[in-house]
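The block underneath contains the structure these notes are about, expressed in structure tokens.
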Amino acid sequence: MKKATTCVHAGSNSHNPAHGMNTPIYTSSAFGYLDTIENIYPRYYNTPNQEVVVQKLCALEQGEAGLLFGSGMAAISTTMLALLETGDHVILQRDLYGGTHHFVTIELKRVGISYTLVEEPTVDQLEAAIRTTTKLVYIETPSNPLLKITDVAAVGSWAQQHRLISVIDNTFASPINQNPIPLGIDVVIHSGTKYLGGHSDLCFGAVITSQPLRDRIYATAINLGGSVNAATCALIERSLKTLSLRVHQQNKNAQAIADFLQQHPRVQQVHYPGLTDHPGYDIARQQMQGFGGMLSFEPAVEGSAGAEQFMRKLKVITPAISLGGVESLICAPAKTSHIKLSTEERKQVGVSDELLRISVGIEDTEDLLEDLQQALVMNND
Ligand SMILES: *Cc1c(COP(=O)(O)O)cnc(C)c1O
């Protein structure tokens, strides 16, 4: 099955005695056990509604097994706590989602798990960071907010050579644009709050991996208890049916916006992996089926105030945090994801006060371009 078909059909209808088109919502937290092989319970991650969603995600990511969590951070923290022990070392790329960075530098450190952040997870930099205690390598591509691209297959095979577990946060790409498991990565994590949910109204996370690794993560997951309720699972299942449709429109809109911004005299820099002069373009073209709906750029404005003034002129694209929804959102990373860094630290990671990130939605392409065009007209024009 192709992905659009998988989105609609995989997993759905497997728990439906009345043959309805939609999976019934099993509201129970208590299930009979005398005639079942395994005891069903929400925190055992095995209720019918959880299973349907996991089957869909496994089919989309070409993984054997998975788990669904109450947030992306629950998926990330549970995975690392399950696969690492005191004394272990983990290598991560420096460009990480802020919550992941906090978790690693505060919580993992607290339980005696050390880490190295590499500027770019190239084989050379990974080689330089590896220790005898290294157990896991963790990447995120495209990255936030500069859409840097990591060579997924190179990291996967390097990790295999050194018998390390490789983990990727695949949130920005979505399973429609990038499937890391066939590229050699062991564990794929999503903040489902973003593209998978897709309507800015759900919070969940997912892990997709092999059966043995799923079982290892599961053993810790039942103790940490970050599972999802059935009503949310039903909404996730419904959202996933349109994932391919949504992401294709987001890819198309983002490419059009990136092309438009790049040739605009009032725009200094555009970061989008679908632009041929983006440093990650060649690798992105090999490992992604679409370049995604995320981009960032610097309009020719002065500082944070100028960036804010620009955002307030927009009529369709809405200033808001988070990403992956049907509506186009814009935010200034200097005032949102990177607010805790000093101006100096932000400069180091390439996040200027003027940088704006757009999470492109599914609106009509022309309306989005017109909105940006009118906002780029300056007062003195
Ligand atoms: C949002 C996000 C997360 C965390 O997900 P939550 O659902 O907010 O816990 C992790 N990684 C990336 C790339 C994200 O964008």
For this session: Give just the number: which of (1) within 16 Å of the ligand (Cβ to nearest atom); (2) touching a residue at least 24 places away in the same chain (Cβ under 8 Å) does residue 326 not satisfy?
Result: (1)
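Pick out the one residue from 20, 72, 87, 11 that is away from the ligand (no atom under 16 Å from the Cβ), in contact (Cβ under 8 Å) with a residue 40 or more places away in the chain and closer than 25 Å to residue 202 by Cα. Steps first, please.
On the way: 20 fails: in contact (Cβ under 8 Å) with a residue 40 or more places away in the chain; 72 fails: away from the ligand (no atom under 16 Å from the Cβ); 87 fails: closer than 25 Å to residue 202 by Cα.
Criteria check complete, one pass: 11.
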Problem set entry | Selected residue [assigned by TED's automatic domain parsing to the domain that holds residue 47 and more than 10 Å from the ligand (Cβ to nearest atom)] from 92, 96 | 92
Problem set entry | Single residue of region 23-62 satisfying the filter (out of contact with any helix residue (DSSP H, G or I) (no Cβ under 7 Å at 6 or more places or on another chain) and of a type in the set (Ser, Thr, Tyr)) that is nearest to residue 187 (Cα to Cα) | 41
For this session: Please verify whether region 135-144 includes one or more residues that are surrounded by fewer than 20 Cβ atoms within 10 Å (Cβ to Cβ), closer than 14 Å to residue 283 by Cα and over 17 Å from the mean Cα position of the chain (by Cα).
Result: no
For this session: Could you look through region 198-210, keep only residues that are surrounded by 24 or more Cβ atoms within 10 Å (Cβ to Cβ) and within 14 Å of the chain's Cα centre (by Cα), and pick out the one that is farthest from residue 68 (Cα to Cα)?
Result: 198
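Please go through region 99-119 and pick out each residue that is within 16 Å of the ligand (Cβ to nearest atom) and of a type outside the set (Val, Ile, Thr). Give the derivation first.
Within region 99-119, the first condition is being within 16 Å of the ligand (Cβ to nearest atom), and the residues that meet it are 99-108, 117.
Those that are within 16 Å of the ligand (Cβ to nearest atom) and of a type outside the set (Val, Ile, Thr): 99, 101, 102, 103, 107, 108, 117.
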Exercise. Among the residues of region 96-121, which ones are of a type outside the set (A, V, I, L, M, F, W, C), within 17 Å of residue 75 (Cα to Cα) and in contact (Cβ under 8 Å) with a residue 24 or more places away in the chain?
Worked result: 97, 98, 99, 100, 107
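Please report, ordered by residue number, the strands (runs of 3 or more DSSP E) entirely within region 1-120 with at least 3 residues that are closer than 30 Å to residue 133 by Cβ and of a type in the set (A, V, I, L, M, F, W, C). Working first, answer last.
Values: elements: 65-69, 89-93, 114-118.
Output list reads 65-69, 89-93.
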For this session: Would you mind telling me which numbered condition in (1) loosely packed, with under 15 Cβ neighbours inside 10 Å; (2) within 30 Å of residue 200 (Cβ to Cβ); (3) over 21 Å from the mean Cα position of the chain (by Cα) residue 49 fails?
Result: (1)
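Quick check: anything in region 189-209 among the aromatic types (Phe, Trp, Tyr), within 30 Å of residue 328 (Cβ to Cβ) and in the same structural domain as residue 370 (by TED's automatic domain parsing)?
Here is the first cut: in region 189-209, the residues among the aromatic types (Phe, Trp, Tyr) are 195, 204.
Then keep just the ones that are within 30 Å of residue 328 (Cβ to Cβ); that gives 195, 204.
Restricting the remaining residues to those that are in the same structural domain as residue 370 (by TED's automatic domain parsing) gives none.
Checked region 189-209: no residue is among the aromatic types (Phe, Trp, Tyr), within 30 Å of residue 328 (Cβ to Cβ) and in the same structural domain as residue 370 (by TED's automatic domain parsing).
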Exercise. When you look at residue 38, is it under 16 Å from residue 214 (Cβ atoms), without any contact (Cβ under 8 Å) to a residue 60 or more places away in the chain and surrounded by fewer than 18 Cβ atoms within 10 Å (Cβ to Cβ), yes or no?
Worked result: yes
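The values are calculated or read from the model by the stated rules, or taken from the named source; none is laboratory data. Predicted model, so just to flag it, every value in this text is computed and none were measured. As a convention, Cβ positions derive from the backbone with ideal geometry for all residues, glycine included, and neighbour counts pool all protein chains shown.
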